[in-house]
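The values are calculated or read from the model by the stated rules, or taken from the named source; none is laboratory data. Given the structure is predicted, the values throughout are model-derived calculations rather than measurements. Counting neighbours? That spans all protein chains shown, and the Cβs are built from the backbone with ideal geometry, glycine included.
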Amino acid sequence: MLHRPGVTYSLVDLAEWLKYESWCQSYDDQTAKGESRAKREFRVAPRTRQTTATVLTGSGNSVDVRATANSPAKVDEKAKGRPMVYCSYCQNSEHAFSQCPQIPTLTKDQLSEWIRSNRRCWHCGLAHQAAHCGLKKPCPLCQRKHLRILHEVNERPVTVSSKTEACLVSSATQTLYLNKPVSSNKVLLKIVRVLLHHGSCTLDTFAIPDDGSERTMLLPDAVRKLGLRGTEESLALRTIRHDVQTLEGASVSFHISPYYNPKKRYLISRAFTAPQLDLIDHSYPIAKLQKQYKHLAGLPLQSFEKAKPLILVGADQTHMITPIEPVRLGPPGGPAAIRTKLGWTLQGPTSLLEQRLKPKECLHISLPHSTTELCKNVNRLWQVDVLPFRNETECTRSKQDQRAIELLEAKTIRIKVDGIRRYATPLLRKGDMPHLHATMEAVMPRLRSTERKLARDPQQIDAYSSEIQKLVQSGAIRKLSPEEREGGFELRQWASNIPAVINHLPPEARSDGFELWLAHEKTDVQESTLGLSWNCPADVLTYRHRPIDHGAPTMRIIYKVLASQYDPLGYILPYTTRAKVLVQQLWNKQHSWDDTQLPQALVQSWNEWESQLQFLHKISFPRSCVPASVDQTRSIIDLHVFSDASESAYGAVAYLRTEDQQGKIHLSFVLARSRVAPKRVLSIPRLELCAAVSGAQLKTQLQKELTLPLRHTVLWTDSTTVLSWIQSESCHFKVFVGTRVAEIHELTNTTAWRYVDSAQNPADDLTRGKTLKDLAKPNRWSHGPPFLLLSSENWPANPTECPEIDKSEFKKSAFCGVVAVNGQFGSEYKTWTELVKAIAQELHGAAGESGEPTANTYQTAETFILQKVQSERFPEELQRLRSGKPLQHNSRLLSLTPEYDTSTNLIRVGGRLRHAETLDPALKHPIVLDSRHPAVKLLLQDFDKRLCHPGPDRVFAEIRRKYWVLRGRAAIRILQHACTECQRLRAKPTFPKMADLPVARLRLYKPAFHSTGMDCFGPFLVKIGRRVEKRWGILYKCLTTQALHVDLLNSLDTDSFLMSLRRFIARRGSPVELLSDQGTNFRGGERELCEAFQAMSPDLQRKLAPQKIAFHFNPPAAPHFGGVWEREIRSIKMALSTTIGDQTVPEEVLGTVLIEVENILNSKPLGYVSCNVADPDPVTPNLLLTGRLDNSLPTRDGHD
């Protein structure tokens, strides 16, 4: 941007300059191959005086805006040594580059190619980037920073902004939208229905009153319908972003009138129109808006949907777009109602229209990292089982999958098609699935992308067209025909170990291998079945060896080779478990997936394991669990599951034991599962327990999957510790052992577990490992343990001696008990009366008497309470006094010489007044009580309440007449200190903290009476001839200098006050603000003054406004807000009482006395009067007003 003296640049200018410089930088980096990048220009228009029209509704047209930039340029180092005149194109100093005769002969493309290939500056042609160009002189044509000779290559085509802003230019239709096309309608613009008139033509349309437009705009449709003809005119349209576009149009004149009053017309002259102008549709849901916003109710607003405005009334017609009455504002975030001469309209935000947006669908696809799933699968090799056990298919099945399975099971049927029975299943679709619909804007890009992809491959076009035609013919998007409903699929590649089963099928439905077996009688035909090879004649399953060629072993290759060994039944687990342990050991070494520098020992072990894969094809096992010669329905079939664990792995294996009718026993391998021991080191008993859990899970899975009738299920383990844990309660163990024991109890019966030694446990082969050569031979793993071929009496027996249970796995015992302690007598009651009443009712009910307790009963209840208190507090003393023994020397009652009263069974104070017959016995010998007992506290509380909460001495004296309470005075003080009523009666008043002085009291460096407090007082009676009238006084108090001004009011109306104010202003000057109360603080006979002042208050602010005096009222019922002048009124009244008293004086005398009182009050010192003669005289208000301490005393010259 060019430097302009006196112009202050804003952050917006800086942002535009940075955008422009970044464009220059990217423009320099274009390759020599001619790659062009359409970048948006951000240039600041030169601030030259030209005729423009401003539209402030927004901007979005990226038109050619001229700008220059004044950035700190770096001088090209190579240019420092060159002469002042140099042509970079001719490479000589004969002429300057700007005067080169060769440049004009080049085309624009040739010049651009020379700049790109030689990496020259687009501004000056030198060998540096445009961002570092130091050129300061602008182009005379466009005022941008480049040479005149390079003007053509620096011109940028007008691009279309992708944002939907207020002023948009479409590259297809070249339409300039004057208002903001907001699809969500979150903000309402002013829209009003009007009538346009020209001659005999009248047009009913809508208008947009726009305060931000300097010119009235009329759309071409309105010009055509009204038949207007205007004068040609060019208009430079400028937005708030300084985007300028020159429009060629015309200026027209016509009349406009409100829709509700067609006869009232307004002339609009020189309205601009052009073919490129357009306005966006708008909607006013008035019914919903008036229902949501109460301030819109009752207004004559018209509702319309997608109305097309044809006129934009600008600021040149101010009389038609400005409000003619106060704007009706609603709550924050709501629209405002504005009435103009054209009618009522709305403007502002609204949240109501957001609900009208059509719902949009957005589908998100999340793809994990390529190694995330791989690492997850590797970690699963040694993860501890997650409890409680659930089948993997059930755990991973979602609710939708479960509903789909239920639908398939319920509605799948078999129908006959062409003589063949086929399965017919229903279509699976979510019940709450929304209808798939999308807008044209969302679908068309996908269609265009598909068309472009197909255009590059003609064969793919034909295939695509044929598939679409098939969908159309099949009615995929229409109602299916009856023939299509009966469509199905055919199962092929049938094979069986018994040829008679599938002989009826046609040859094309049978497998090729089966055909070779039948036609050529080959017995070594292998059928691919579930990843294994099935030899149909022998009915055995064989493993396949799939060699993988690779280089040096890495983690990725090792895991790939291991994962490629498909073993659905776990028959070769003794071999593959060894590889899993190797993978875990390599994983602990923290090597990357493709690292070839693996530990040599582990690599050697891996190579040995991999070299045995060549014998994998020799591993075979029978497909059938029960021999074909055995009748399954009449045989006895048992399931045996063995489990074992070691430091590196654990697992379980299952066998079927079948006993036929002849008593012959057959064993067959069923299923095996293994896991690598977790990274965290576990004890052998814990690993054995994990193996037992695996066995229980394996047993549960087989019971669900096998269709054979199982008589018994036996589970075997070689760990006596695990057996003892299983026979115990799971709640006794720690979390790890307890949860797994509970899982075993849930899945199995504890009586099904038996012991087997390690030598006979086939699961021991799983943990120790075997080679493929060993597995190919008959062994314990493949054929089962030999003892299962014997009767159950010859099976291994459980150990007779109970093994010692590992106490380290038990929970720590903890005792949890409840100790109940009985409280002291009377602690559950709140008052002495309640206690006595409760004891009386208890005694009355125990005696079997009916009715209410009598006075004697209450007296007996009090005696019982006192006996109970003494028995709890003085048990030893009571026992000794009853037996006639002396008290102990450390007794608390020893100094009272107590004696036992046999009539009441109470301890009383002794003393020397036994012969005083006139005294009350209770006064002579009071009852001894302990002040710490709860019942005694209730007694003291009752005395305090009956005496109306007196002092502690008064309560203590009253109690002493009947009771002797140990430490009674201190107990009473403590009681009264906790008594809320006593505290309330004896509480001292607290004085509130003074608030900060108001701002009006702190106007420093301001003249006197800048902030003035005002109040009226009176009335006073004055004599005027023979009649008596009322007069009032008015006080003006300067809140800064404390000066006073007193005047008389003839009445309490507005005119009288304004006359007094004019006199005050003439004498003291005009105040900036006046403060007064609202009259609610006047008392007694001043009611008339209060009412008159309240009636006068509304007019004061209106009449004081032209004089620029702000009038402030104090809050009602708050006299302390005006205390500074209320105190002065008291002083005035005291002075008048002293001078006039109750006399009725003439008005002149009253006015004179008030002025004298004013002078007296203005002469009082404002600060402390010192007794030191050296201190200066105190400051008075008169000194600040007139320069004298007292106006009543003459000022004498010091020379006189």
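Within region 398-412, restricting attention to residues that are loosely packed, with under 10 Cβ neighbours inside 10 Å and of a type outside the set (G, A, S), which residue is farthest from H504 (Cα to Cα)?
Looking at residues that are loosely packed, with under 10 Cβ neighbours inside 10 Å and of a type outside the set (G, A, S), I get K399.
Could you pull out the residue among W587, W534, W593 that is touching a helix residue (DSSP H, G or I) at 6+ places or on another chain (Cβ under 6 Å), hydrophobic (A, V, I, L, M, F, W, C), within 29 Å of S674 (Cβ to Cβ) and modelled with pLDDT under 85?
Going through W587, W534, W593 in turn, the sole match is W593.
If I filter region 951-962 for residues that are under 22 Å from E834 (Cα atoms), out of contact with any Leu (no Cβ under 6 Å at 6 or more places or on another chain) and loosely packed, with under 11 Cβ neighbours inside 10 Å, do I get at least one hit?
no
Report every pair of residues separated by at least 6 positions or lying on different chains whose Cβ atoms are under 6 Å apart, first residue within region 699-724 and assigned by TED's automatic domain parsing to the domain that holds A759, second of a type in the set (D, E, K, R) and in a helix (DSSP H, G or I).
Pairs found: T713/K699; S719/E688; V722/E688.
For S98, which of the numbered conditions (1) in a helix (DSSP H, G or I); (2) under 27 Å from V244 (Cα atoms) fails to hold?
Only one criterion is unmet by S98, namely (2).
How about region 127-140: which of its residues are in a loop (DSSP other than H, G, I, E, B) and either within 55 Å of the chain's Cα centre (by Cα) or buried (at least 19 other Cβ atoms within 10 Å of the Cβ) (or both)?
Answer for region 127-140, where residues must be in a loop (DSSP other than H, G, I, E, B) and either within 55 Å of the chain's Cα centre (by Cα) or buried (at least 19 other Cβ atoms within 10 Å of the Cβ) (or both): A127, H128, Q129, C133, G134, L135, K136, K137, P138, C139.
For region 263-291, enumerate the residues that are in a loop (DSSP other than H, G, I, E, B), in contact with a Ser or Thr (Cβ under 8 Å, 6 or more places away or on another chain) and under 21 Å from L301 (Cβ atoms).
Those that are in a loop (DSSP other than H, G, I, E, B), in contact with a Ser or Thr (Cβ under 8 Å, 6 or more places away or on another chain) and under 21 Å from L301 (Cβ atoms): K264, P285.
Please work out if Q292 is assigned by TED's automatic domain parsing to the domain that holds P220, of a type outside the set (V, I, T), modelled with pLDDT under 85 and over 22 Å from A336 (Cβ atoms).
no
So, restricting to helices (runs of 4 or more DSSP H) that lie completely within region 1114-1186, which ones have at least 2 residues that are over 27 Å from N1050 (Cα atoms) and modelled with pLDDT under 90?
In region 1114-1186, 1181-1186 are the helices (runs of 4 or more DSSP H) which contain 2 or more residues that are over 27 Å from N1050 (Cα atoms) and modelled with pLDDT under 90.
Does region 967-1008 hold any residues that are closer than 30 Å to T1041 by Cβ and more than 54 Å from the chain's Cα centre (by Cα), and which are they?
Here is the first cut: in region 967-1008, the ones closer than 30 Å to T1041 by Cβ are 991-1008.
Listed by number, the residues that qualify are P1007, A1008.
Report whether or not L708 is outside any helix (DSSP H, G or I) and over 46 Å from the mean Cα position of the chain (by Cα).
Yes.
Filter region 373-415 for residues that are at pLDDT below 70, among the β-branched types (V, I, T) and farther than 18 Å from S674 by Cβ and give the result.
Residues satisfying the conditions are T393, T396.
Check M994 against each of (1) in a helix (DSSP H, G or I); (2) aliphatic (A, V, I, L, M); (3) not assigned by TED's automatic domain parsing to the domain that holds I1155 and name the one condition it does not meet.
Checking M994 against (1) in a helix (DSSP H, G or I); (2) aliphatic (A, V, I, L, M); (3) not assigned by TED's automatic domain parsing to the domain that holds I1155, the one that fails is (1).
What number goes with the only condition from (1) touching a Pro at 6+ places or on another chain (Cβ under 7 Å); (2) surrounded by fewer than 20 Cβ atoms within 10 Å (Cβ to Cβ) that T273 does not pass?
Just one mismatch for T273, condition (2).
Considering only residues of region 988-1013 that are among the aliphatic types (A, V, I, L, M) and within 22 Å of T1186 (Cβ to Cβ), which is modelled with the lowest pLDDT?
That would be L1004.
Here is a yes/no grid of residues against (1) crowded, with 20+ Cβ neighbours inside 10 Å; (2) at pLDDT 85 or above; (3) in a loop (DSSP other than H, G, I, E, B):
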| residue | (1), (2), (3) |
| --- | --- |
| K1037 | yes, yes, no |
| L1061 | yes, yes, no |
| I1065 | no, yes, no |
| Q1078 | no, no, yes |
| N1081 | no, no, yes |
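Looking at region 881-974, what strands (runs of 3 or more DSSP E) fall wholly within it and have at least 2 residues that are within 21 Å of G826 (Cβ to Cβ)?
Ranges flagged: 906-908, 927-930, 963-966.
Has region 974-991 got at least one residue that is in the same structural domain as L919 (by TED's automatic domain parsing), of a type outside the set (S, T, Y) and closer than 26 Å to P875 by Cβ?
Within region 974-991, one or more residues are in the same structural domain as L919 (by TED's automatic domain parsing), of a type outside the set (S, T, Y) and closer than 26 Å to P875 by Cβ.
Can you confirm whether W517 is at pLDDT below 75 and either assigned to a strand (DSSP E or B) or buried (at least 18 other Cβ atoms within 10 Å of the Cβ) (or both)?
The answer is yes for W517.
Surrounded by fewer than 18 Cβ atoms within 10 Å (Cβ to Cβ) and either within 50 Å of the chain's Cα centre (by Cα) or under 20 Å from V378 (Cβ atoms) (or both), is that true of H591?
Yes, satisfied.
Looking at C1016 and the list (1) closer than 30 Å to G1033 by Cα; (2) loosely packed, with under 13 Cβ neighbours inside 10 Å; (3) not small (G, A, S), which single condition is not satisfied?
Of (1) closer than 30 Å to G1033 by Cα; (2) loosely packed, with under 13 Cβ neighbours inside 10 Å; (3) not small (G, A, S), only one is false for C1016: (2).
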